[in-house]
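Read-outs throughout are calculated quantities, based only on the coordinates presented, and are distinct from any laboratory measurement. All figures in this text were calculated on a predicted structure; none of them were measured in a lab. For neighbour counting, all protein chains shown are included, and Cβ atoms are generated from backbone atoms with ideal geometry for every residue, glycine included.
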């Protein structure tokens, strides 16, 4: 119970600093529903686990580790593009945690880099004008953790609305039961499953 209480304390601290449940969920690598559950203190009444926290800080603390993981991601993208016969024009990183991996993968593959920021309360997100555009490109979307798939769905829809083609999504860890989001294949380095 101590780790859940620590998560609650961290979530409450972020909430008190003005962060939305969505922003807290991104920071703690939990679903929005789990953050809402935590902040309501319902965990004091329940014994069943509602979510799994994915922590990858051991990887994220140094550039050489991010680079090593990005090489694995690059290999997965190349495997998928050959197997499913699609070209890759650009790599899209979802802020904030997908950006370091997208940056390294775009470097390894010599592809354009797109930075996407989902908006916490609006349906559409934003593409940073300081990086490549989406229009007319086959795009691979990278993020750290997918929980419900909502962020990927929004990114996929926004890529399509901007005239791009989402060809693949790659994440460090997936909590999804499916290998697709909005008809786009999702590959992960790690997949979690609740048992029992």
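Computed values, structure above
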item	result
Rounded, prolate or oblate (a/c below 1.5 giving rounded, otherwise prolate when a/b exceeds b/c) for the stretch 2-44 by Cα gyration tensor	prolate
With Cα atoms, 0 to 90° folded angle of helix 99-109 axis to the chain main axis	20
Ordering of 168-180, 24-36 by packing [mean C-beta count within 10 Å, highest first]	24-36, 168-180
Cα shape, the stretch 57-191, gyration tensor, a/c 1.5 rule	rounded
Helix 2-16 vs. the chain, principal-axis angle (Cα, 0 to 90°, nearest 10)	70
Cα gyration tensor category, rounded, prolate or oblate, for the stretch 154-196 with a/c compared to 1.5	prolate
Beta bridge orientation in the chain: antiparallel %, DSSP, nearest 5	15
Residue-averaged 222 nm ellipticity for the chain, from DSSP H runs of 4+ at -39500 (n - 2.57), nearest 500	-12500 deg cm²/dmol
The chain: relative contact order as a whole-number percent, Cα under 8 Å and 6+ apart	15
Degrees, to the nearest 10: 150-161 long Cα axis against longest axis of the chain	30
Burial order of peptide ranges 54-65, 149-160 (average beta-carbon count within 10 Å, highest first)	149-160, 54-65
Sorted by Cβ density within 10 Å, fewest first, the residues 92, 189	189, 92
